[in-house]
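Enquirer: Structure in structure tokens, see below.
The values are calculated or read from the model by the stated rules, or taken from the named source; none is laboratory data. As the structure is a prediction and not an experimental result, all values here were calculated from the model. Cβ sites come from the backbone with ideal geometry, for glycine too, and all protein chains shown count toward neighbours. Surface areas here come from the heavy atoms of the whole protein model, side chains and all, with no ligands, DNA or RNA. Shrake-Rupley method; radii C 1.70, N 1.55, O 1.52, S 1.80 Å.
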Amino acid sequence: CCWINMNNTFIRPDPYLHIGYVPKPRTERVFIDGAPEFLRGVRAVLCADVHLRACTPDHRLNEIIDTIDAANADLLLLGGDYGEGAAQCDRFFDALSHLVFPLGAYAVRGNNDSALSDRPNVRALINRDICIPFRGGTIAIGGVDDHKYGAPDSRNLFQSAADYRILLSHFPIIADCKCDLMLSGHTHAGQINLLGITPYVVGFERRYPICAVRGLHRMN
């Protein structure tokens, strides 16, 4: 699984204030243990929190798309917050439109995305899942709506038999369904992270029981 981190640790004030600064994408490679044998060697890319703005130059957007393309992934998973406004969200998906992934591309809505619908090469997963037959097994990929402005409901996900279940949730909040892997964005590794102290540690967004702000965590 390859994570493309757009906002890792803000060390200058202008990124947080949205003044003409666009973070460069940084790639983290993570090996997921415990997957069934038929998934060995499969590569997935998670990209979230791109937050394109009108001031984002095209060459920076192309950097992001090139980084995704260079991963040679079988599967693209998009974790929400693609652009500041509908026009910038469309701009992101238009830039992605020439990329093809053997197992498909799937997206969930983030709190900055006013709407999300199926695109020619990306399936929108809003409180629904899809099963993909592959090498004699089945992968189920499900997605929940944004927790802040949407109506997330994961109770009916993964009702069909599947060998491996991946849940996309923009907010890293434990869902009401059983999955093998949950992938999220939203936290920007803590928004501002000073020696492990982040706004989430001091009660930022206390309405939402966020289970982690970065990294890979084993639950139950």
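Enquirer: In whole angstrom, and with the biggest value first, how far do the Cα coordinates of the stretch 115-214 range along each principal axis?
Expert: Result for the stretch 115-214: principal-axis Cα extents of 46, 28, 25 Å.
Enquirer: Right, here's the next one. Less than 15 Å Cβ to Cβ from Arg165, Lys/Arg counted +1 and Asp/Glu -1: what total charge do the surrounding residues give?
Expert: Working: positive: Arg128, Arg155, Lys178; negative: Asp129, Asp163, Asp176, Asp180.
So the environment of Arg165 carries a net charge of -1.
Enquirer: Please report how far the C-alpha centroid of the stretch 62-88 lies from that of the stretch 119-148, rounded to the nearest whole angstrom.
Expert: Computed from Cα coordinates, the inter-centre distance equals 16 Å.
Enquirer: How far apart, in nm, are two points set 7 Å out from the Cα along the Cα-to-Cβ line at Asp118 and at Arg60?
Expert: In this crude label model, Asp118 to Arg60 measures out at 3.4 nm.
Enquirer: Another question about this same structure. Sort Asp81, Asp74, Asp58, Asp90 from largest to smallest accessible area, using a 1.4 Å probe on the heavy atoms of the protein chains. All intermediate terms of the calculation are to be shown ahead of the outcome.
Expert: Values: Asp81 5, Asp74 40, Asp58 100, Asp90 65 Å².
The ranking, largest first, comes out as Asp58, Asp90, Asp74, Asp81.
Enquirer: Taking the alpha carbon gyration tensor of the chain, what are the square roots of 5 times its eigenvalues, largest first, to the nearest whole Å? Mind showing how you got there, number by number?
Expert: Working: eigenvalues 134, 85, 57 Å².
Sorted largest first and rounded, they come to 26, 21, 17 Å.
Enquirer: Which loop-located trypsin sites (Lys or Arg not before Pro) does the stretch 135-220 contain, where loop means any DSSP state but H, G, I, E or B and the Cβ has at most 14 other Cβ atoms within 10 Å? Working shown, then result.
Expert: Values: sites: Arg135, Lys148, Arg155, Arg165, Lys178, Arg206, Arg207, Arg214, Arg218; in loops: Arg135, Lys148, Arg155, Lys178, Arg206, Arg207, Arg214, Arg218.
Sparse-neighbourhood loop trypsin sites (Lys or Arg not before Pro): Arg135, Arg155, Lys178, Arg206, Arg207, Arg218.
Enquirer: What are the ³J(HN,Hα) couplings of the stretch 150-161, residue after residue, when phi is run through the Karplus curve with 6.51, -1.76, 1.60 and θ = phi - 60°? Round to Hz, x for glycine and proline.
Expert: Here the 3J(HN,Hα) series is x, 9, x, 8, 9, 5, 9, 6, 6, 7, 7, 5 Hz.
Enquirer: Select from the stretch 16-122 those trypsin sites (Lys or Arg not before Pro) which occupy a DSSP coil region and have at most 11 other Cβ atoms within 10 Å, ordered by residue number. Please report the intermediate quantities before stating the final value.
Expert: Numbers: sites: Arg26, Arg29, Arg40, Arg43, Arg53, Arg60, Arg91, Arg109; in loops: Arg40, Arg43, Arg53, Arg109.
Sites meeting the loop and neighbour criteria: Arg40.
Enquirer: Related question: Quote the FRET efficiency, to the nearest 0.05, computed for Asp176 versus Ala86 with a Förster distance R0 of 25 Å and r equal to the Cβ-Cβ distance. Write out the running numbers ahead of the final one.
Expert: Numbers: r = 30 Å, r/R0 = 1.19.
Step by step, r from the Cβ atoms, then E = 0.25.
Enquirer: Cα axis of helix 58-70 to longest principal axis of the chain: angle in degrees, 0 to 90, nearest 10?
Expert: Between helix and principal axis, roughly 30 degrees.
Enquirer: Could you give the length gained on full extension between Arg218 and Asn156, defined as 0.36 nm per residue of separation minus the Cα-Cα distance, in nm? If you can, show how the numbers build up before the last one.
Expert: Details: separation 62, 0.36 × 62 = 22.32 nm, distance 2.29 nm.
Taking 0.36 nm per residue and subtracting the Cα distance, the gain is 20.0 nm.
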